[in-house]
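Chemist: Structure incoming, see below.
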């Protein structure tokens, strides 16, 4: 985690507020601590923003939308290669069933598969949101890619 500090004057704060808002929109913020500091010359807000490095904010900027994650930065080079093959397989499965790719599974679930390298449907079911039905329907197809990827990173072992 990283930290960034801001001083926002109590008066004439437009530029400092704009800088803070640009930063907040562009990063995955964990916490913001703020304190009003009073000095002889006036007052200002002191803010400490704790954020995740390499996890940019939402590209759409829509309220309530999830931030985009660049999995090439988050995953190791080896895991990203597996993730890419899993994404291609997900696209094929989605096209075959005429459903959106996220109906098969999310990017986050694919990243977990790439990191864990499950070898069984039960191992896939340990991934949040990838339950028994998805494991039964798509598990064999994803497990085929995971088995071909080499080293096993089964959860818990």
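The values are calculated or read from the model by the stated rules, or taken from the named source; none is laboratory data. Bear in mind that the values here come from a model prediction, so they are computed numbers and not experimental data. Ideal geometry is used to build each Cβ from the backbone, glycine not excepted, and the neighbour counts take in all protein chains shown.
Chemist: Quick one: in region 145-157, which of the residues that are surrounded by 12 or more Cβ atoms within 10 Å (Cβ to Cβ) and either farther than 7 Å from residue 117 by Cβ or more than 23 Å from the chain's Cα centre (by Cα) (or both) is modelled with the highest pLDDT?
Modeler: 145
Here is a yes/no grid of residues against (1) at pLDDT below 80; (2) exposed (fewer than 11 other Cβ atoms within 10 Å of the Cβ); (3) closer than 23 Å to residue 3 by Cβ; (4) in the same structural domain as residue 12 (by TED's automatic domain parsing):
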residue: 30; (1), (2), (3), (4): no, no, yes, yes
residue: 39; (1), (2), (3), (4): no, yes, yes, yes
residue: 47; (1), (2), (3), (4): no, no, yes, yes
residue: 66; (1), (2), (3), (4): yes, no, yes, no
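Residue by residue, here is whether (1) surrounded by 18 or more Cβ atoms within 10 Å (Cβ to Cβ); (2) free of Cβ contacts under 8 Å to residues at least 24 places away in the same chain; (3) within 28 Å of residue 27 (Cα to Cα) holds:
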residue	(1), (2), (3)
100	no, yes, yes
106	no, yes, yes
109	yes, yes, yes
117	yes, no, no
127	yes, yes, yes
130	yes, no, yes
141	no, no, no
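Chemist: While we're here: Checking residue 35 against (1) at pLDDT 90 or above; (2) surrounded by 15 or more Cβ atoms within 10 Å (Cβ to Cβ); (3) in a strand (DSSP E or B), which test does it fail?
Modeler: Looking at each condition in turn, residue 35 falls short on (2).
Chemist: Considering only residues of region 1-28 that are in a loop (DSSP other than H, G, I, E, B) and under 25 Å from residue 74 (Cβ atoms), which is modelled with the lowest pLDDT?
Modeler: So the residue we want is 1.
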